[in-house]
């Protein structure tokens with residue numbers, strides 16, 4: 001069996017099994033690969049989408065799965081008719097597919113949500129009374145903000161310091177506790193030491209939630225092997241932009257929490273002034289008619305990536321991201337943002353600044369003159385970006401200061417990468 005690498009907290013690697021080389025399929029295509037956009041002068045050029053970390057394009061197999069489900073689309077869990085039964089079966093199969101995709105335990109709950117933010121807020125409402133959450137200031141706002149009682153830790157200077165800081169913080173807390181950490185930074189792409197952090201959390205009787213939104217489009221995740229309690233991720237970053245995400249993990253906190261939404265589907269019975277809620281987390285927190293097509297799309301993306309095999313996906317991504325980083329590094333005035341140094345493993349995300357340009361001006365020029373789409377701003381991670389800009393630029397007095405982020409995935413070509421490098425070089429030397 002071929003393998004791929006998932007880095008743990010010490011920088012060592014856990015080997016996760018990938019599909020046998022002979023079983024790998026061609027990398028699937030994305031919709032919009034032939035999109036042309038206008039640039040200055042009235043020309044049309046092929047769009048270089050380098051904003052995957054915000055929302056990835058739709059995979060063709062995902063679009064096909066949704067199209068196949070639409071003719072029989074009906075309400076789930078409530079109808080005796082054929083279309084309802086078929087749609088219910090597809091919806092529940094999607095749950096099984098997502099469970100397998102993240103390597104969850106057989107008894108873990110899989111709750112469909114709108115996105116990662118929705119998933120973390122759902123879990124926040126299910127924490128046992130008095131739970132203290134420990135979170136680093138490097139987190140996306142989805143992981144930073146939902147918690148009622150929180151201890152925030154400063155950005156660590158190296159992975160081992162992250163483990164030490166979490167260890168000390170958790171040791172000082174009495175009562176229930178939860179450690180929340182990203183698997184891959186949405187700002188720098190750097191991989192976090194989630195295996196060691198899970199070990200530390202459990203040593204102190206805490207649980208761990210991993211924000212896997214930026215990891216699962218790029219690397220295989222095995223919740224069971226890494227001994228994680230909860231993972232959350234979004235379909236719109238996983239080539240399934242149909243408004244669905246998932247929270248996967250241990251059932252007890254989820255079964256004991258207040259229903260996320262109160263309404264049909266979450267109840268066993270309603271009487272005069274009395275409500276009996278479902279004990280099972282899935283119906284308890286999926287009141288109303290769920291996003292059936294979103295769940296089907298999410299599962300189709302999971303199936304497509306698994307069928308392709310992670311080895312060719314990772315190999316191509318690492319080739320392109322190395323080319324992009326090397327090209328940007330050779331341009332005077334360009335500075336890549338990084339927490340743990342240029343050699344630390346990462347997924348296909350690069351954030352940078354260009355001397356003499358605001359991030360917005362650079363992003364607008366890349367779009368209007370070169371047909372390149374990137375993200376500019378603080379990437380819903382304001383404390384972290386401010387920290388990186390302080391570190392990189394020797395002081396960041398302007399609170400509006402921000403960065404440019406280029407991110408790649410399936411459908412990114414070498415021409416896209418080279419076009420960005422040349423465009424930044426031209427703009428930086430004007």
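Key figures for this structure:
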read-out: In segment 96-115, residue farthest from the chain's Cα centre (by Cα) [restricted to those that are more than 20 Å from residue 290 (Cα to Cα) and touching a residue at least 24 places away in the same chain (Cβ under 8 Å)]; value: 107
read-out: Residue check, residue 333 surrounded by fewer than 22 Cβ atoms within 10 Å (Cβ to Cβ), touching a helix residue (DSSP H, G or I) at 6+ places or on another chain (Cβ under 7 Å) and touching a residue at least 24 places away in the same chain (Cβ under 8 Å); value: yes
read-out: Test for residue 37: is it in contact with a strand residue (DSSP E or B) (Cβ under 8 Å, 6 or more places away or on another chain) and assigned by TED's automatic domain parsing to the domain that holds residue 289; value: no
read-out: Residue check for residue 155: modelled with pLDDT of 95 or more and either over 21 Å from the mean Cα position of the chain (by Cα) or within 21 Å of residue 217 (Cβ to Cβ) (or both); value: no
read-out: Members of segment 185-206 found to be within 24 Å of residue 148 (Cα to Cα) and buried (at least 22 other Cβ atoms within 10 Å of the Cβ), listed by number; value: 185, 186, 194, 197, 198, 200, 201, 206
read-out: Residues satisfying the stated conditions in segment 310-327, i.e. over 12 Å from residue 347 (Cβ atoms) and touching a helix residue (DSSP H, G or I) at 6+ places or on another chain (Cβ under 8 Å); value: 311, 323, 324, 327
read-out: Boolean, residue 270 is touching a strand residue (DSSP E or B) at 6+ places or on another chain (Cβ under 6 Å) and either without any contact (Cβ under 8 Å) to a residue 24 or more places away in the chain or under 26 Å from residue 188 (Cβ atoms) (or both); value: no
read-out: Options 169, 119: the member that is without any contact (Cβ under 8 Å) to a residue 40 or more places away in the chain and surrounded by 20 or more Cβ atoms within 10 Å (Cβ to Cβ); value: 169
read-out: Within segment 77-95, considering residues that are closer than 14 Å to residue 299 by Cβ and touching a residue at least 40 places away in the same chain (Cβ under 8 Å), the one surrounded by the most Cβ atoms within 10 Å (Cβ to Cβ); value: 94
read-out: Exclusive hit being touching a helix residue (DSSP H, G or I) at 6+ places or on another chain (Cβ under 9 Å) and more than 20 Å from residue 384 (Cα to Cα), set 153, 123, 145; value: 123
read-out: Residue among 298, 320 that is surrounded by fewer than 20 Cβ atoms within 10 Å (Cβ to Cβ) and either within 23 Å of the chain's Cα centre (by Cα) or not assigned by TED's automatic domain parsing to the domain that holds residue 247 (or both); value: 320
read-out: Count of residues meeting criterion [in contact with a helix residue (DSSP H, G or I) (Cβ under 6 Å, 6 or more places away or on another chain) and farther than 14 Å from residue 295 by Cα] in segment 62-85; value: 3
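The values are calculated or read from the model by the stated rules, or taken from the named source; none is laboratory data. In this text, all values refer to a predicted model and were calculated from it rather than measured experimentally. Glycine also receives a Cβ, built like all others from the backbone with ideal geometry; neighbour counts cover every protein chain displayed.
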